[in-house]
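Notes for the one structure printed next.
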Amino acid sequence: MRAYKWTKKEIIAHILMIIIDLAILVPIYFLIITAFKPYNEIIRVPPTFWPQNFTLDNFFSFAALREVNLIRATINSLLISVVVTAGTLFFSTLAGYAFAMLRFKFKEPIFIAILSKYMMPTALLLVPWYWIMRILGLVDNLIAVIIVNLIGAWTIYYMRSYISQIPTDYVESARIDGASELEIFMKIIMPLIKPAIGVATIINFLWSWNYFLWPLIILNSPENFTMPIAIAYVRYLGYAGGELLNYGGIAASSLVYALPIVILYICLQRYLVESFISAGIKR
Amino acid sequence: MLNLSVAKRESLAALSMILPTLILYAIFYYYPLILSIYASFTRWDFVRPPTWIGLKNYIRMFQDRFFIDAVIVTVEYVSATVILNLILGISFALLLNRPTKLAAFTRALMFLPVIIPDAAAASIWIIMFAPGPYGYVNYLLTKMGYPWLKWFDDQNLALPMIIAYSIWKNVGFNTLVFYSGLKSVPREYIESAQVDGASDWHISTKIIIPLLKPIVIFQLITSIISAWQVFGSIYIITKGGPGNATRVLGIYLYEVAFEEMRAGYGSAIAVFMTAVILVLTILQLKKLR
């Protein structure tokens, strides 16, 4: 390994990197300190760069004043993400296995028909979804958010690609030994696709943690809000009243909302980035 | 005999494995798809049954100033964010392709805004660029002797600010995709060019970027498709305002269909948005072949 040469060009490159780092870290720092400042300090001129009157009120008064409960919203978000991720993985792994390993009629057309959902914008489905939920009586119900998101076109595609790489001999020889299809799936396939399940779990969880437009449409009462809807609610209540924005509430709720993801990222940093890149997608 | 029964068993197993998925698809994808297209030819408020009005929604769409404005704003947003994200993504990938600790740290850090949920990242910008003298950025401006700005509340600044936000949020993704592409460029190519005395600019534009072309095209088209549908960040930061300044198609569709409850007209807008995406997808499939 040669020693790193600190030429003029390299020094400039590293100064640029420091600027990029600051452009990411400084805004995040401002969010964190704002979450712990009382209202009169947030709107003080000049602004303080460290909370002078440290407070946790933003995390609680946010709740009392605005009828939104941060803990409740976090639980709702978690519930949706966990159920959607588990459900999507269950259905998609089964379907992915069928498309990868089994022979049946109309396999290709059915697969393409399923895959077409991946490029279809959600925008096109929202009006019918809303109407269906009215009929089913699921307006303002968390189930409405979950149920439409159990069909993961990307997850089926990803699972099929991954399972296709498994040699068919494994499956064939198990069949000759008289194993049922379910046994083959559970005992042979499942242990082999653990890495793919890991990637798909992370990606589906992050996706569902981000759901915004559909929950905004279908969830109306504050006790059913998920985190991002609660943040939007607080943001615009401040506007409607003609007062200044509830910056403290926005900061505190965003902090709670982002924290699990940031912790996840710190723990699984490399793995997570690779998952995203191998998946070739961002949202 | 044995073969037949094996084939039958296989089909049956396959059917039972994809049936749950097919049922969910039928109810929440295929049926909505058809209903959406049908609804775009009707006047409908979700409550009373829809009335068939033929092409009226589509004709109205192209006479609707708000719709035209939304298309213009969306095209501006998409072209600016996609081009800047691409150029900066490639530049940052080249910048960070260095064996130092700071480069590794920066690569890791650049993914943080990508991972942070949109609503939380948007809040960061709302707070940073608060439209009063108490805002952090405004304080720095006044400190340097400039007047403070209203940022997202300013008719002329709002869209550029939204574009800047989108780059801050997403450029890390492109950077890391291109960076992982760079890693696959054989070292010998670059070293032999260096031996021949090629400049860095020459190496980047003549060797590295052409080799990355397939990734660049894929990123370009997927970025256009996702930017075309932007909603969450803009809803949280400006709700499409001030005035029409940041009202993209996604926001306009939401207002028409779910605030004014004009489901028919809203569906026509959604069909229009989808048609554009379909054209782009076909283009992508052709380019990649």
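Greater than 29 Å separation of Cα atoms is the criterion. Which listed pairs, B:LYS169/B:LYS239; A:LYS105/B:LYS213; A:LYS107/B:LYS169, meet it?
Working: B:LYS169/B:LYS239 18 Å; A:LYS105/B:LYS213 38 Å; A:LYS107/B:LYS169 39 Å.
A:LYS105/B:LYS213; A:LYS107/B:LYS169, as the Cα separations exceed 29 Å there.
Report relative contact order for region A:1-104 in percent, whole number only (criteria: Cα-Cα under 8 Å, sequence separation at least 6).
Numbers: 40 pairs, mean separation 14.8, N = 104.
Reported as a whole number, the value is 14 percent.
Mind jotting down a quarter of the surface of the convex hull over the alpha carbons of region A:64-136, in square nanometres, one decimal? If you can, show how the numbers build up before the last one.
Values: hull surface 31.0 nm².
Hull-based average projected area comes out at 7.8 nm².
Mind giving me the FRET efficiency for B:SER180 and B:LYS287? R0 is 25 Å, r the Cβ-Cβ distance, nearest 0.05 is fine. Show your work: numbers first, answer last.
Values: r = 21 Å, r/R0 = 0.83.
For B:SER180 and B:LYS287, the calculated efficiency is 0.75.
Viscosity 1.567 mPa s, temperature 4 °C: what is the translational diffusion coefficient of region B:175-225 from Stokes-Einstein with a Kirkwood Rh over Cα pairs, rounded to a whole number of µm²/s?
Details: Rh = 11.7 Å.
Rounded, D is 110 µm²/s.
What 222 nm value per residue comes from the helices of chain B, counting each DSSP H run with n ≥ 4 as -39,500 (n - 2.57) and dividing by all residues, nearest 500 deg cm²/dmol? Intermediate values should be presented prior to the final figure.
On the way: 14 runs with 197 residues, N = 289.
Rounded to the nearest 500, the figure is -22000 deg cm²/dmol.
I need the fraction of alpha carbon pairs in chain A separated by more than 27 Å, rounded to a whole percent.
Tail fraction, whole percent: 56.
What number, in percent, do you get for the relative contact order of chain B if the mean sequence gap of Cα pairs under 8 Å and at least 6 apart is divided by its residue count?
On the way: 304 pairs, mean separation 82.1, N = 289.
Across chain B, relative contact order equals 28 percent.
Compute, for chain B, the length of the dipole vector about the Cα centre, with Cβ point charges of +1 (Lys, Arg) and -1 (Asp, Glu) only. Units Debye, rounded to 20. Present the calculation step by step, with values, prior to reporting the outcome.
On the way: 23 positive and 15 negative charges, 97 e Å.
Once rounded to the nearest 20, the dipole reads 460 debye.
Among A:ILE71, A:ILE20, A:ILE135, which one moves the most in a GNM of chain A with springs linking Cα atoms closer than 10 Å?
Highest fluctuation among the options: A:ILE20.
Just subtract the alpha-carbon distance of A:VAL45 and A:SER180 from 0.36 nm times their residue separation and send over the number in nm, one decimal. Walk me through the intermediate numbers first.
Values: separation 135, 0.36 × 135 = 48.60 nm, distance 7.24 nm.
Here the answer is 41.4 nm.
Quick one: the Cα spread of region A:8-57 along its three principal axes, in angstroms, biggest first?
Between the extreme Cα coordinates on each principal axis of region A:8-57 lie 48, 20, 12 Å.
Apply the a/c threshold of 1.5 to the C-alpha gyration tensor of region B:243-289 and tell me whether it is rounded, prolate or oblate.
Here region B:243-289 falls in the oblate category.
Please compute the modelled spin-label separation between A:ASN53 and B:ALA26, points set 7 Å along Cα→Cβ, answer in nm with one decimal.
Rounded to a tenth, the inter-label distance reads 6.3 nm.
Can you tell me, using C-alpha contacts under 8 Å and at least 6 residues apart, the relative contact order of region B:24-122 as a whole percent? Intermediate values should be presented prior to the final figure.
Numbers: 29 pairs, mean separation 10.0, N = 99.
Relative contact order of region B:24-122: 10 percent.
Given the peptides B:157-170, B:12-25, arrange them by the average over their residues of other C-beta atoms within 10 Å, most packed first.
Working: B:157-170: 20.6, B:12-25: 18.4.
Highest-to-lowest ranking by the protection proxy: B:157-170, B:12-25.
Using only the alpha-carbon atoms, what does the protein assembly as shown span along each of its principal axes? Please give whole angstrom values in decreasing order.
Taking max minus min along each principal axis of the Cα atoms, the protein assembly as shown gives 89, 74, 47 Å.
Relative to the compact-globule scaling 2.2 N^0.38 Å, provide the ratio for the alpha-carbon radius of gyration of region B:16-145. Show your work: numbers first, answer last.
On the way: Rg = 24.1 Å, N = 130, 2.2 N^0.38 = 14.0 Å.
After normalising by residue count via 2.2 N^0.38 Å, the value is 1.72.
Largest first and in whole Å, give the semi-axes of region B:1-82's equivalent ellipsoid, each being the square root of 5 times a Cα gyration tensor eigenvalue.
Details: eigenvalues 399, 92, 21 Å².
Its equivalent ellipsoid spans semi-axes of 45, 21, 10 Å.
In degrees from 0 to 90, rounded to the nearest 10, what is the angle of the helix A:247-267 Cα long axis to the longest principal axis of chain A?
Once rounded, the angle reads 40 degrees.
How charged is the neighbourhood of B:VAL71? Take every other residue with its Cβ under 13 Å from the Cβ of B:VAL71, and add Lys/Arg as +1 and Asp/Glu as -1. Don't jump to the answer; show the numbers that get you there.
On the way: positive: B:ARG65, B:ARG247; negative: B:ASP64, B:ASP69, B:GLU76.
Here the charged neighbours net out to -1.
Can you tell which of A:VAL26, A:LEU94, A:LEU79 lies farthest toward the positive end of the dipole of region A:23-115, using +1 and -1 charges on the Cβ of basic and acidic side chains (Lys, Arg; Asp, Glu)?
Towards the positive end, the residue furthest out is A:LEU94.
Work out the length of the dipole vector of region A:77-190 about its Cα centre, built from +1 on the beta-carbon of each Lys and Arg and -1 on the beta-carbon of each Asp and Glu, and round it to the nearest 20 debye. Spell out each step's value before the answer.
Working: 8 positive and 7 negative charges, 59 e Å.
I would put it at about 280 debye.
Just the Kirkwood number for region A:155-274, please: inverse of mean 1/r across all distinct Cα pairs, in Å, one decimal.
Numbers: mean 1/r = 0.0549 Å⁻¹.
Kirkwood hydrodynamic radius for region A:155-274: 18.2 Å.
Could you check the simple spin-label distance between A:LYS8 and B:ILE72, using points 7 Å along Cα→Cβ, in nm with one decimal?
It is 4.7 nm.
With unit charges on the beta carbon (Lys/Arg positive, Asp/Glu negative), name the residue among B:PRO99, B:TYR31, B:PHE67 whose Cα is farthest towards the positive pole of the charge dipole of region B:23-151.
Of the candidates, B:PRO99 comes out farthest on the positive side.
Treat each spin label as a single point 7 Å out from the Cα along the C-beta direction, and report the B:LEU278 to A:SER173 distance in nm.
So the two model labels end up 4.8 nm from each other.
For region B:61-288, what number results from the quotient of the Cα radius of gyration and 2.2 N^0.38 Å?
On the way: Rg = 20.6 Å, N = 228, 2.2 N^0.38 = 17.3 Å.
That ratio works out to 1.19.
Give me the Kirkwood hydrodynamic radius of region B:82-162 in Å, from all C-alpha pairs, to one decimal place? Intermediate results must be reported in sequence, preceding the final value.
Details: mean 1/r = 0.0665 Å⁻¹.
About 15.0 Å for region B:82-162.
Compute the FRET efficiency between A:GLU223 and B:ALA7 as 1/(1 + (r/R0)^6), taking r as their Cβ-Cβ distance and R0 = 60 Å, and round to the nearest 0.05.
On the way: r = 53 Å, r/R0 = 0.88.
Efficiency, rounded to the nearest 0.05: 0.70.
Compute, for chain A, the length of the dipole vector about the Cα centre, with Cβ point charges of +1 (Lys, Arg) and -1 (Asp, Glu) only. Units Debye, rounded to 20.
700 debye
Tell me, what ³J(HN,Hα) does each residue in region A:13-27 have, in order and in whole Hz, if you take phi through Karplus 6.51 cos²θ - 1.76 cosθ + 1.60 with θ = phi - 60° and put x for Gly and Pro?
Once rounded to whole Hz, the list reads 4, 6, 5, 4, 4, 5, 5, 4, 4, 5, 5, 8, 6, 4, x.
Could you tally the net charge around B:PHE129, taking each other residue with its Cβ under 11 Å from the Cβ of B:PHE129, Lys/Arg +1 and Asp/Glu -1? Show your work: numbers first, answer last.
On the way: positive: B:LYS150; negative: B:ASP153, B:ASP154.
Summing Lys and Arg as +1 and Asp and Glu as -1 gives -1.
Each reported figure results from applying straightforward, stated rules to the coordinates on display, with no laboratory input. Keep in mind it's a predicted model, so treat the numbers as computed, not measured. Here the Cβ is made from the backbone with ideal geometry for all residues, glycine too, and neighbour counts use every protein chain on show.
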